[in-house]
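Every number in this text was worked out from the coordinates using simple rules, so none of it is lab data. Note that the structure is a prediction, hence the values are computed from the model and not measured. Reconstructed Cβ throughout: ideal geometry from the backbone, glycine too, with neighbour counts over all protein chains shown.
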Amino acid sequence: MPKAIGILTSGGDTPGLNAAIRGLGKAALYEYDMEVIGFRDGFRGLMENRIMRLDNRTLSGILSLGGTILGTSRDKPHRMPIGDKVQDMTDMIYHNYQKHHLDALVCIGGGGTQKNALKLAEKGMNVITLPKTIDNDVVKTDVTFGFDTALGIATNAIDRLHTTAHSHHRIIVVEIMGHKVGWLALGAGLAGGADVILVPEIPYDVETIAEAIMQRSRSGKSFSIVAVAEGAINKKDLESAEKKEGRKKQSEACLESGTLKLAQELEKLTRLESRVTILGHLQRGGTPSARDRVLASHLGTACARYIKEKNFGKMVAIRGESTEVVALEEVAGQRKYIPLDHPWLDAARKVGTCLGDNG
Ligand code: F6P
């Protein structure tokens, strides 16, 4: 029976992380009589052996708190900057894992963390992970925690932008996070009634968007809200990147924010004044939604049970109302894009939203 577990949070912080730490920690302590320690600042703290004891005191009063009490970082075990070099620190990490006589290590993170956790599992550690990210891009789970909170924040922002766009007869282009996928922009755009929604999965054509906005203008609606995912890409830019630079540069082009340029081009083509709002890290900050607290508590407590059952090398996923475990090999290095036949895309088109293409 596993007796001692370590927990770390890695990657961008996400609302619900503390709810997951609390759920896992309390279940491990009280249900399964384990000892629990936390490592600070992700894999960096595990490598540097910086710990925090997780007990009744430290696990109390954190359920509704945003961020992570453990701190986080984007450090990778096998490629960690040390001074001016980048080094493989997995041996040191394994040493610290053994030093604390850990029976399991729980890594809570997004896509990158699943990959890093697999590296540690391959090294011989008993690793289990939980999926979190506001981007909702982890495969083999219905949803990740953090997504619902960010969705609420971005939707609320679109609601607020409507009244000012309407008053000034402007186009407001609102940039929404999501890295290389469009779940957040699509969800918030649909919930907030954006007139245009642009996601990385559907490269956009500026003329098509301008025409949709002018069509609204002609029908008496002299303002428009454009919800653009940070990873959305202009079809023309994508084509020229493909021609000039090949596939590698193409993925880099997807990361360059084209939001300011898009707003300028729309202003020129429609002759409507345009403004840009970049929601940025506001979408990750503050109190988790009730749904994220429930999801994180569910996944966290289930994780303690899977540890008791020695179900290692796995990610705990949510499927409907239940949890299940998925092999890390099936998750690592994968990204969940919006399928082009997804019902949210269909719903957006059916309510007359322009998705930047001719679909
Ligand atoms: O993965 C979460 C996320 O917020 C993405 O949506 C965004 O692209 C990225 O993190 C920003 O990362 P950082 O906080 O390191 O700038």
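Taking the Cα centre of the range 148-202 as origin and assigning +1 to Lys and Arg Cβ atoms and -1 to Asp and Glu Cβ atoms, the resulting dipole is close to 120 debye.
Return the FRET efficiency for the residue pair LYS243, LYS3: r is the Cβ-Cβ distance, R0 is 51 Å, and the value is rounded to the nearest 0.05. Provide the component values of the computation, followed by the final result.
Details: r = 59 Å, r/R0 = 1.15.
E between LYS243 and LYS3, to the nearest 0.05, is 0.30.
Comparing PRO343, PRO203, PRO15 in a Gaussian network model of the chain, where Cα atoms under 10 Å apart are tied by springs, the biggest mean-square fluctuation is seen for PRO343. Just checking the listed ones, GLY83, GLY66, GLY220: in the Gaussian network model of the chain with Cα springs under 10 Å, the one fluctuating most is GLY83.
Sorted by packing (mean other beta-carbon atoms within 10 Å per residue), highest first, where do 113-126, 318-331 land? Mind showing how you got there, number by number?
Details: 113-126: 21.1, 318-331: 15.4.
Descending mean neighbour count gives 113-126, 318-331.
Take the residue pairs LYS261/LYS336; LYS115/LYS235; LYS26/LYS76; LYS26/LYS310 and return only those whose Cα atoms are more than 25 Å apart. In this structure, LYS261/LYS336; LYS115/LYS235; LYS26/LYS76 lie more than 25 Å apart at Cα.
The charge dipole of the range 90-206, taken about its Cα centre with unit charges on the Cβ atoms of Lys, Arg (+1), Asp and Glu (-1) only, comes to about 340 debye.
Which FRET efficiency value, to the nearest 0.05, do you get for ALA347 and ASP84 by plugging their Cβ-Cβ distance into 1/(1 + (r/R0)^6) with R0 = 35 Å? Numbers along the way, then the final one.
On the way: r = 51 Å, r/R0 = 1.45.
The value I calculate is 0.10.
Think of each Lys and Arg Cβ as +1 and each Asp and Glu Cβ as -1; about the Cα centre, that makes the dipole of the chain roughly 420 debye. Over the C-alpha atoms of the chain, the Rg to Rh ratio, Rh being the Kirkwood estimate, stands at 1.03.
Of all DSSP-defined beta bridges confined to the chain, some 30% are antiparallel rather than parallel. For the range 270-359, the residue among VAL316, LEU295, GLY356 whose Cα projects farthest onto the positive side of the dipole built from Cβ charges is LEU295. Straight-distance candidates among the lysines for linking to LYS221, with alpha-carbon spacing under 20 Å and chain neighbours fewer than 8 residues away dropped: LYS268, LYS350.
Taking R0 as 41 Å, what's the FRET efficiency between GLU330 and ASP33 from their Cβ-Cβ distance, rounded to 0.05? Could you put the intermediate results ahead of the total?
Details: r = 31 Å, r/R0 = 0.77.
According to the calculation, E is roughly 0.85.
When only alpha carbons of the range 44-107 are considered, Rg and Dmax amount to 13.9, 40 Å.
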